Every structure is written in C-alpha cells, then in structure tokens.
1. With no solvent and one equal point scatterer placed on each C-alpha of the stretch 1-150, evaluate the Debye formula and give log10 I(q)/I(0) for q = 0.10, 0.15, 0.19 Å⁻¹, two decimals.
2. Let me check I have the definition right: for the stretch 23-75, take the eigenvalues of the Cα gyration tensor, multiply each by 5, take square roots. What are those semi-axes in whole Å, largest first?
3. What's the longest bit of the chain with no exposed chymotrypsin sites (Phe, Trp or Tyr not before Pro), using DSSP loop states and at most 14 other Cβ atoms within 10 Å as the test?
4. Can you tell me the Rg and Dmax of the chain, counting just the alpha carbons, in angstroms?
5. Just to check, using Stokes-Einstein with a Kirkwood Rh over alpha carbon pairs, what's the diffusion coefficient of the stretch 195-254 at 25 °C and 0.890 mPa s in µm²/s?
6. For the chain, what proportion of DSSP beta bridges, expressed in % and rounded to the nearest 5, is antiparallel?
7. Carbon and sulfur atoms: what percent of the 1.4 Å accessible area of the chain do they account for?
8. ³J(HN,Hα) across the stretch 14-24 via Karplus (A = 6.51, B = -1.76, C = 1.60, θ = phi - 60°), whole Hz, x for Gly/Pro?
Amino acid sequence: MNVTSSQLLNVGALSVHAGAARLLHDISFDVAAGEVLALLGANGAGKSTLMMALAGEFASANQHITFDGHPLTAWSRHAIAQRRAVNASEPPVPFTMNAGDYVALGRPFVAPDDRAIAHALTECHAREWRTRDYATLSMGEQLRVQLARSLYQLGGDDPRERCLWLLDEPCAHLDMAQRHFVLTLIARIAKARRWAVVFSTHDPLEAQLIADRALLLRHGEALSIAPIDIALTEANLSACYGRPITRRAGFVSE
C-alpha cells in the first residue's frame with residue numbers, strides 16, 4: 001500500500017511498568033492517516049499492553065502518545081471517543097441484548113440512530129443478526145458485531161475521517177473466509193476514511209495481507225519497525241518468536 005497521508009498517531013519513548021515488572025520499554029513509532037500497522041510478537045511480548053496504552057488505559061503513558069497533533073492528556077473523554085475506537089477481548093453479555101442494541105453501545109449517551117446502526121451492521125455483513133440475541137451468536141459472529149459497534153461509534157453512515165482504530169487480534173475465532181473478509185474490511189476503511197489502524201496478530205500472513213508496516217515486539221521491546229517486506233524476514237521473525245521461522249507456501253483465501 002502507498003500511504004501519502006499525514007502523521008496521525010505518534011508514540012515517543014513509551015514505557016509501561018507493573019510494579020517492578022517492565023512490560024514495555026522505550027517504544028517509539030508513528031502511524032499516518034490511512035496507514036495500517038501490524039503488531040506481532042509471542043505471548044507476553046507486550047502487544048496487548050501496547051494496545052491498552054494507546055487506548056489510554058495507563059495515565060502515566062498518555063504524555064508519550066500524541067493523536068492528531070495533541071497529547072492524549074489534552075483530549076477529553078468525549079472528544080477522544082468520537083475519534084478513537086477499540087476492539088479487544090470482550091466479556092460475555094450476562095443478559096439478553098440483541099445485536100442492534102449492542103452496536104448502539106458505541107454511542108451510549110445519545111438516542112440510537114437506527115439508520116446508522118443498520119449501515120454499520122451491513123458493512124460488517126451482520127445485518128441479518130440485528131434482532132438476534134447477541135449471546136446466541138458464535139464468537140466469530142460476535143466479533144463482527146463488535147466491529148460494527150466501532151464503525152457506528154465513529155460515525156456510522158456519516159463516518160468521520162482521521163480516526164484511530166485499535167484492534168487486538170481481530171481475527172481470533174474466525175474461519176479462513178471470514179478472516180479474509182474482516183482484514184479486507186479493515187484495510188478498506190483505513191484507506192477510504194483515512195483512519196490510522198493498529199492491529200495485533202500472531203500470524204505474519206495477516207500482516208502481509210493488509211499492513212503497510214509491522215512492529216515486532218519481544219519482551220516489551222521493539223525488535224523492528226519497518227515496511228512489511230523489510231520487517232517480516234525469517235531472521236526478524238525468528239528473533240521475535242524465539243525459535244527458527246522459515247518462509248513456506250501455504251493456503252490462503254483470495
């Protein structure tokens with residue numbers, strides 16, 4: 001992908017600690033509007049911690065993160081909620097709620113916009129489940145409804161430009177066809193709406209499919225931040241996962 005948009009997200013010398021444990025150390029990168037950045041690393045490498053930091057979960061980290069020219073500390077919760085959406089591991093819904101009402105949670109303090117909800121569900125090929133109990137959907141189906149909630153949050157049928165979309169392992173629980181659909185959706189939204197997208201994955205093939213650049217993490221440190229073809233080498237991936245990695249042909253969904 002050829003990204004010519006201006007920088008939207010900047011992270012400078014970010015470190016995160018939990019007591020004496022160092023979770024992230026001196027992480028720096030930027031993401032342009034319209035660009036997709038993939039995070040890769042072994043379990044415990046710091047991917048989810050970095051996503052949480054970008055989502056504003058660590059107050060001490062906010063001064064190291066700038067979004068659209070302003071540090072996170074300068075954004076009100078209401079203002080940032082209109083420009084940043086997060087998709088991460090979701091807890092089960094312990095009561096009856098249909099998929100349309102779940103999507104409406106993307107804008108919890110205003111009356112639901114039925115047209116925008118329908119549009120967001122349609123974008124994610126989930127409109128047929130609008131009146132279905134969310135808890136009865138499969139985990140893969142629930143994930144697509146969660147994606148629709150983020151699209152609704154950031155504008156629905158009247159989407160805002162230059163937003164930040166954070167996705168922690170968005171293809172977990174998806175079959176090959178749905179994984180291809182979700183990744184293609186993410187890439188299309190990023191380009192069409194000039195959103196900066198950061199997503200984590202354990203699969204280099206997912207990064208190759210849609211990402212412009214990759215950030216490889218190991219033990220909370222950045223091993224590489226580079227364009228996909230440069231970052232995803234056998235040597236870099238072997239260092240990232242702590243075992244020999246070789247490139248071989250595999251099955252893909254076209």
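The values are calculated or read from the model by the stated rules, or taken from the named source; none is laboratory data. All values derive from a computational prediction rather than experimental measurement. When we count neighbours, we look across all protein chains shown, and the Cβ atoms used for this are built from the backbone with ideal geometry, even at glycine. The accessibility values were calculated without ligands, DNA or RNA, using every heavy atom of the protein model including side chains. Shrake-Rupley method; radii C 1.70, N 1.55, O 1.52, S 1.80 Å.
1. -0.45, -0.95, -1.21
2. Numbers: eigenvalues 74, 46, 15 Å².
Over the Cα atoms of the stretch 23-75, the semi-axes work out to 19, 15, 9 Å.
3. On the way: sites that count: Phe95, Phe109, Phe251.
The answer is 110-250.
4. When restricted to the Cα atoms of the chain, Rg and Dmax are 17.9, 53 Å.
5. On the way: Rh = 12.2 Å.
Estimated diffusion coefficient is 200 µm²/s.
6. Details: 20 of 39 bridges.
Percentage antiparallel, nearest 5: 50.
7. Its accessible area is 52 percent carbon and sulfur atoms.
8. Once θ is set to phi - 60°, the couplings for the stretch 14-24 become 7, 10, 9, 10, 10, x, 8, 7, 9, 8, 9 Hz.
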